[in-house]
């Protein structure tokens, strides 16, 4: 049997940004209840009092704050090394039968150099981020490949996460939501099991670094 509380909880959970804002207590519950009341009534098939929706939101906000935030903050307090690199270039190439051979050639060139390099592969395209000192070499090796995009003047932030990050849902959402709230555009996101790297424009690197560093103190 549907109840006001269960319908309100289902509605809030379907809106991630709203769920986080509610857990942080930055939403006027009375105004929110008026906004969602018609949908709650449609789900229940009957009229409901505005006060009943407000009470459901109050109970839910307290519960969400503990369940959705407590474990995440515990993990984020143990964030390890944060590494920043600048002067990067982001290349995107269409996948082809020869693209892996070209990447192998690039890796041999990079092996003896102190430069930044990372790569990821999707279904139709592959991405390479390198120090801009490697631009001429990349473009020579990949000259026969189809370049979809080249973005320069980028910086990276690499973050070491504690091992338990894989056991707690919402870690990446929590981090990226705060970056989004600050208007930071992510050019690329690269991750391994216990590390992730974001690529942003150089004019946003200070703000992005501040957001991530401040996570340890939440």
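The values are calculated or read from the model by the stated rules, or taken from the named source; none is laboratory data. Keep in mind it's a predicted model, so treat the numbers as computed, not measured. Ideal geometry is used to build each Cβ from the backbone, glycine not excepted, and the neighbour counts take in all protein chains shown.
Remarks
- Among the candidates 18, 22, 32, the residue that is under 27 Å from residue 179 (Cβ atoms), in a helix (DSSP H, G or I) and at pLDDT 80 or above is uniquely 32.
- Annotation note: Cβ proximity below 7 Å between a residue of region 61-85 that is over 18 Å from residue 213 (Cα atoms) and a residue that is in a helix (DSSP H, G or I) and modelled with pLDDT under 70 (sequence gap 6+ or interchain) occurs for 61/23; 64/23; 65/23; 68/23.
- Screening the candidates 212, 190 for the property of being surrounded by 18 or more Cβ atoms within 10 Å (Cβ to Cβ), at pLDDT below 95 and under 15 Å from the mean Cα position of the chain (by Cα) yields one hit, 212.
- Among (1) at pLDDT below 95; (2) in a helix (DSSP H, G or I), the one test that residue 140 misses: (1)
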